[in-house]
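What follows is one structure encoded as structure tokens, with my remarks underneath.
None of the figures in this text is laboratory data; all of them are computed from the coordinates on show. Note that the coordinates shown come from a computational prediction; the quantities given were computed from them, not determined experimentally. Cβ: placed from backbone, ideal geometry, glycine included. Neighbour counts: every protein chain shown.
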């Protein structure tokens, strides 16, 4: 795009061969700009009636947002949105704190649910609706209860079942978390893997869960 200079007064877009006079361009609005090469940027804009329509749509959008925010003034839209973002951020932190407390309480309630298999504390627990991070937090709390342990945790629901296995202490001489989670995933239709101490996966179905747990117990014999 060529630019015509009018002395020291101004610089105007000439419009190339599309305009016979710069006044035909009328209003010009920058819609976006981006880098297309080193030191070169591209400006995309609208002119004439297209520019007015673009501005009208922007104004309508702001008015719509103001209405959704309870009829605030246009100038208050941005502060109101920032306030809502802060509230959401605080809610997320409070939710994370509550989940941590719930995880600790759940782990405490499960302290008597461990099975002792040849000197190894074994626990298989399904937590309905739990996601991987929830299972990870629960395992962290459960691991503190025993030195030698095997934890097999699952959550979610039919069709999407997260799996998490943790192995510690002398149990590592017999089994590895990665091998156990692969066994579970194979029996339940899914995939997984990880380190000897901690592994995770995702299964598609709860079918095969009981048989897989029985097989894991057999590995600890």
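In degrees from 0 to 90, rounded to the nearest 10, what is the angle of the helix 77-109 Cα long axis to the longest principal axis of the chain?
Result, in degrees: 0.
Taking the Cβ of each residue in 114, 28 as the centre, tally the other Cβ atoms inside 10 Å and list the residues starting with the fewest.
Fewest to most other Cβ atoms nearby, the residues stand as 28, 114.
Per DSSP H run of n ≥ 4, the term is -39500 (n - 2.57); total these for the chain, divide by its residue number, and report the mean residue ellipticity at 222 nm rounded to 500 deg cm²/dmol.
About -13500 deg cm²/dmol.
State the percent of C-alpha pairs, over all pairs in segment 42-95, separated by a distance greater than 19 angstrom.
Distances greater than 19 Å cover 50 percent of the Cα pairs.
Helix 209-219 sits at what angle to the longest principal axis of the chain, using alpha carbons and giving 0 to 90 degrees rounded to 10?
Once rounded, the angle reads 50 degrees.
Which percent of Cα pairs goes in each bin when the distances of segment 179-221 are cut into 5 angstrom slices starting at zero?
Taking every Cα pair in segment 179-221, the percentages come to 5, 28, 30, 25, 11, 1.
With N residues in segment 139-221, what two-decimal value do you get for its Cα radius of gyration over 2.2 N^0.38 Å?
1.01
For a quick check, take a GNM of the chain with Cα springs below 10 Å and name the residue from 91, 103, 64 with the largest mean-square fluctuation.
Ranking 91, 103, 64 by mean-square fluctuation puts 64 first.
How would you rank 40, 62, 165, 175, going from fewest to most other Cβ atoms within 10 Å of each one's own Cβ?
40, 62, 175, 165
I need 52, 209 ordered by Cβ neighbour count within 10 Å, fewest first.
52, 209
Given the convex hull over the Cα atoms of the chain, what projected area results after averaging over all orientations, in nm²?
Projected area, direction-averaged: 21.7 nm².
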